[in-house]
Amino acid sequence: MSKNLLDLSIIIPFKDKSELTLPCVHSLIKYNPGIVKEIVLISNNSSQKELDKVRDAVKDYPEVKIFVEDIPFNFQTLNNIGAKKSSGKVIMMLNNDTEFVPQSVGLLEYMYNKALEPSTGAVGAVLVYEDKRTIQHAGVYLLPGGTADHLYIGRNLKAILRDESRRFNIAKDLQVSAATAAVLMISRKHFNEIDGMDENFIVGGGDVDICLRLEKAGYKNFVAGADNGIIIHKESKTRDVSSLPYSDFCVSYDSYIDFFDITKGDPHLPWEAVKNA
């Protein structure tokens, strides 16, 4: 066993689309060799052909485990199932439409150590689109009225990093209210303490909710600074965000009003500051 092995379980739900899942898994192993305890793939209603493709492609990786859960899709449920079937001290939720790159090297170790700090809740990462230049995610900020968005989405990463006048320094760790579950680490202890993901959400919103519940429990959420690495997120290539069920918006609103003042917005990334950032 490698002395650098992290007690880390990475949960990747997928449905078909081996052309996304396999680059995700292969890049994860390539740029993090010998350090991940287990990679838990959760197949949800995949065709037999696609499932066989994935099984065949990962058969030589002993750390990869595949479970079949042919139930109605619920992102939160699938991650909760993955958490129960895994054993790592730290749980990482990872979308199958993400991909690790040379600039990702060292990021998992950094996030893992950060997640194990007693005061830490969730740890996210700076994510970029496939051009590797444009920011997709640098933390979630909450808006007055009960909605949310990604910090610096669509902005040029290098320009943001070299602008010393910017309001929020994403080169270093940034405390946030929430981060996307496309890439999100939480210690199992804290995940279990708040009973994991809320399965009242179906597709989206559960990641913000779990972060808000962690903060309410007394923990701090962070996005790991881009100096520690970035990951590609091929956003929404797995499922169409326009098809988010109305119920997710309703449950999100109920969650937000429980955990922060929706008349003022985000306490960590205030809307007025984000507008001018």
Working only within segment 170-194, note down all residues that are under 18 Å from H268 (Cα atoms), hydrophobic (A, V, I, L, M, F, W, C) and assigned to a loop (DSSP other than H, G, I, E, B).
I170, A171, A179
Consider only pairs whose beta carbons are under 6 Å apart and that are at least six residues apart or on different chains; among these, list those whose first residue lies in segment 42-60 and is small (G, A, S) and at pLDDT 95 or above and whose second residue is part of a strand (DSSP E or B) and surrounded by fewer than 20 Cβ atoms within 10 Å (Cβ to Cβ).
S43/V68
List the strands (runs of 3 or more DSSP E) inside segment 67-169, counting only whole elements, that have at least 1 residues being modelled with pLDDT under 95 and over 26 Å from S43 (Cβ atoms).
140-143, 147-150
Yes or no: segment 23-40 includes at least one residue that is polar (S, T, N, Q) and assigned to a loop (DSSP other than H, G, I, E, B).
yes
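Output yes when any residue across segment 66-78 is farther than 27 Å from I210 by Cα, in contact with an Asp or Glu (Cβ under 7 Å, 6 or more places away or on another chain), of a type outside the set (S, T, Y) and surrounded by 17 or more Cβ atoms within 10 Å (Cβ to Cβ), and no when none is. Walk me through it before giving the result.
As a first pass, look at segment 66-78 and keep what is farther than 27 Å from I210 by Cα: none.
No - not one qualifying residue is present in segment 66-78.
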Could you give every pair whose Cβ atoms fall below 9 Å, whose first residue belongs to segment 188-201 and is closer than 19 Å to L94 by Cβ, and whose second residue is of a type in the set (F, W, Y) and in a loop (DSSP other than H, G, I, E, B), counting only separations of at least 6 or pairs across chains?
H190/Y219
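Which of the following residues is at negative phi, over 13 Å from the mean Cα position of the chain (by Cα) and either at pLDDT below 95 or small (G, A, S) (or both): S242, S236?
Just one listed residue meets the conditions, S242.
Would you confirm, using the coordinates I've provided, whether E199 is buried (at least 19 other Cβ atoms within 10 Å of the Cβ), in a loop (DSSP other than H, G, I, E, B), at pLDDT below 95 and among the charged types (D, E, K, R)? First the steps, then the outcome.
Values: buried (at least 19 other Cβ atoms within 10 Å of the Cβ): no; in a loop (DSSP other than H, G, I, E, B): yes; at pLDDT below 95: yes; among the charged types (D, E, K, R): yes.
When the stated conditions are applied, E199 does not pass them.
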State which residue pairs qualify: first residue within 21 Å of N200 (Cα to Cα) and inside segment 75-104, second residue buried (at least 21 other Cβ atoms within 10 Å of the Cβ) and at pLDDT below 95 in any location, beta carbons under 6 Å apart, and separation of 6 or more residues or different chains.
Q76/F201; Q76/G206
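Residue by residue, here is whether (1) hydroxyl-bearing (S, T, Y); (2) surrounded by 22 or more Cβ atoms within 10 Å (Cβ to Cβ) holds:
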site: S165; (1), (2): yes, no
site: Q175; (1), (2): no, no
site: L184; (1), (2): no, yes
site: N221; (1), (2): no, yes
site: I231; (1), (2): no, yes
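The values are calculated or read from the model by the stated rules, or taken from the named source; none is laboratory data. It should be emphasised that the depicted structure is a prediction, and the values quoted were computed from it without experimental measurement. Please note: Cβ atoms are built from the backbone with ideal geometry, for glycine as well, and neighbour counts cover all protein chains shown.
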